[in-house]
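Since the structure comes first, as structure tokens, the remarks are kept for the end.
The values are calculated or read from the model by the stated rules, or taken from the named source; none is laboratory data. Quick caveat: nothing in here was measured; it's all calculated off a predicted structure. Ideal geometry is used to build each Cβ from the backbone, glycine not excepted, and the neighbour counts take in all protein chains shown.
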Amino acid sequence: MSVLFPRLITGACHTTLTSFVRETRQELLVASPWITEGVARFIAGSLAPLPPCTVQIMARLDEADFLNGSSHVASFRKETYPQHHRVIFRALPMLHAKMLVGDRRRVILGSANLTDGGLYRNHELSLQVDSCEVGDVCAQEFFRLWAHACDVPTDYLETMERTLAEALPAPDEEITAPKSIRRSQGVARFKKRVRFGYQSPTGASAARRVITEALSLPPARFPIQEPETTALAWLDRELRFLALEERHSPEIVRRLECLMYHTDISVRATAVDRAGRSGNRDYLPRLEALVTNPSEPREVRSAAAFALALLGSPESFSTLSAIIPEGGDCGRWARRGCFLLITCVSDDSAYWLLKDLGVADPVGVMALARDCEVGDGTVSERLTKALLVEQLATGLWTEQEVEQLVSVMTLTASALQKAGKKVPVGAVVKYSAAALRVAPGDLRHGPLSPKLLTKAAESGIRDAGLTRLIGDTWARSVASPAKAKHALTADTVTQEIIDLLA
């Protein structure tokens with residue numbers, strides 16, 4: 001295990017905390033039993049200029065901690081932090097660990113809480129380690145604790161504020177003891193107490209000024225997130241029609257990154273999908289952080305797996321292969337991504353993945369993937385080739401299922417050519433997926449993509465690799481629509497497809 005630049009942190013650590021937070025690009029994981037408002041606003045100020053990222057904060061959030069001042073309610077309000085980041089909180093009773101993990105490659109572990117005392121009053125010891133291996137191990141432990149933690153109820157903080165208002169006496173309600181009693185009590189206390197000399201940590205005065213300034217400033221005005229309807233309209237109608245150079249411009253990248261951390265899950269998933277379709281590999285670290293974070297919503301993780309598959313970077317192969325055992329949409333798209341990348345990685349990596357998937361002839365499948373150039377072509381062409389290679393390699397399809405798929409493709413292409421948008425493609429995808437035992441998304445984004453079929457109807461299959469896979473079957477189906485329909489009369493599900501395309 002390689003550990004880079006381990007560093008002992010002593011004294012006031014406000015400068016270390018600032019630099020640590022400001023180096024974050026995709027993900028910041030925070031575990032601290034107690035967090036005070038001054039430190040929370042100090043962290044918020046460090047996050048403000050950064051690109052959008054996920055910030056997960058885990059603390060005790062116990063009622064007693066708010067009553068005795070160990071934690072402050074404002075520290076756990078989303079309004080305290082920049083709104084272009086996705087900030088989420090969870091409560092874990094009896095939490096005592098103090099840890100920060102940045103992008104799973106930088107870690108601070110030690111005794112200091114994210115409080116005024118932990119930052120500059122107490123004598124603390126912490127260790128900062130820059131290491132991907134250590135960062136990954138610490139992140140996995142954080143996620144394990146996060147899974148045991150509880151979501152914070154929506155009205156919990158308001159309830160705590162009311163409790164605090166009722167529990168703390170107003171200044172005019174405080175009872176003042178007579179001077180004689182206070183004097184005698186003071187003498188008694190003085191006789192019993194032993195006072196030790198206190199030496200403040202190095203840099204405490206500067207840290208105190210920084211926190212005081214953070215508290216004295218008015219609440220920061222962060223940009224308001226786009227409304228859901230506006231965001232989806234831009235993602236669905238405007239972004240997809242921009243020229244490639246414009247889609248890769250800093251302004252568009254920034255806006256798309258912000259939408260990847262939107263509060264609405266459908267906006268997030270769509271933005272992640274568009275990042276994959278952009279062809280811009282600068283999104284890779286962000287997408288890998290999303291897909292490997294088990295606390296992210298299922299829709300976002302599966303969209304991130306899909307996006308990584310489309311970007312076709314060999315660097316993502318190990319990430320995707322590790323997710324396959326999870327199953328579900330996320331595991332399914334991770335497996336598809338691995339088949340898309342199978343010709344881009346070493347033969348050993350490809351061979352052992354195929355063996356793990358139960359493929360009887362890994363060498364033959366690798367040769368097939370190379371022959372059909374599975375990683376080349378448009379998005380729908382690549383996904384179609386990867387689906388065919390995967391289903392045939394794993395024995396889930398035989399030539400009969402391939403013939404059925406091609407028959408649906410040719411009949412749908414012919415219907416699109418004649419009726420255009422009136423063809424119920426969504427229903428065709430639904431019934432075809434049921435007949436072929438795959439998910440609808442496998443067909444919608446690949447072989448039954450209207451864009452792919454429209455082009456195929458006009459000029460035939462142009463992709464050389466796809467021609468090698470289904471070219472002959474396509475030609476037979478086009479030449480004889482009756483035979484194509486006959487291939488679909490095996491059961492009532494496929495008969496529904498014929499009726500829809502009639």
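Per-structure values
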read-out: Complete set of residues in segment 421-472 that are touching a Gly at 6+ places or on another chain (Cβ under 7 Å) and among the acidic types (Asp, Glu); value: Asp463
read-out: Segment 327-380: number of residues that are closer than 19 Å to Glu315 by Cβ, free of Cβ contacts under 8 Å to residues at least 24 places away in the same chain and aliphatic (A, V, I, L, M); value: 1
read-out: So Leu383, is it buried (at least 20 other Cβ atoms within 10 Å of the Cβ), in contact with a His (Cβ under 8 Å, 6 or more places away or on another chain) and either touching a residue at least 60 places away in the same chain (Cβ under 8 Å) or of a type in the set (Ser, Thr, Tyr) (or both); value: yes
read-out: Segment 1-54, residues that are among the hydroxyl-bearing types (Ser, Thr, Tyr) and in contact (Cβ under 8 Å) with a residue 60 or more places away in the chain; value: Ser2, Thr10, Thr15, Thr16, Thr24, Ser32, Thr36, Thr54
read-out: Output for segment 346-373, where each listed residue is assigned to a loop (DSSP other than H, G, I, E, B) and either surrounded by fewer than 17 Cβ atoms within 10 Å (Cβ to Cβ) or modelled with pLDDT of 95 or more (or both); value: Ser346, Gly358, Ala360, Asp361
read-out: Condition check for Thr343: β-branched (Val, Ile, Thr), surrounded by 16 or more Cβ atoms within 10 Å (Cβ to Cβ) and in contact with a helix residue (DSSP H, G or I) (Cβ under 6 Å, 6 or more places away or on another chain); value: yes
read-out: Filtered residues of segment 127-172 (kept if touching a Ser or Thr at 6+ places or on another chain (Cβ under 9 Å), closer than 18 Å to Ile57 by Cβ and of a type outside the set (Phe, Trp, Tyr)); value: Ala139, Ala147, Pro153
read-out: Subset tally (residues that are under 15 Å from Ala204 (Cα atoms), assigned to a loop (DSSP other than H, G, I, E, B) and of a type in the set (Gly, Ala, Ser)) for segment 85-123; value: 1
read-out: Residues located in segment 214-237, provided they are at pLDDT below 90 and not small (Gly, Ala, Ser); value: Leu215, Leu217, Pro218, Pro219, Arg221, Phe222, Pro223, Ile224, Gln225, Glu226, Arg237
read-out: Members of segment 1-47 found to be assigned to a loop (DSSP other than H, G, I, E, B) and either at pLDDT 90 or above or of a type in the set (Val, Ile, Thr) (or both), listed by number; value: Val3, Thr10, Glu23, Thr24, Arg25, Gln26, Ser32, Pro33, Trp34, Thr36
read-out: Subset of segment 375-392 [charged (D, E, K, R) and either out of contact with any Leu (no Cβ under 9 Å at 6 or more places or on another chain) or closer than 17 Å to Ser321 by Cα (or both)]; value: Asp376, Glu390
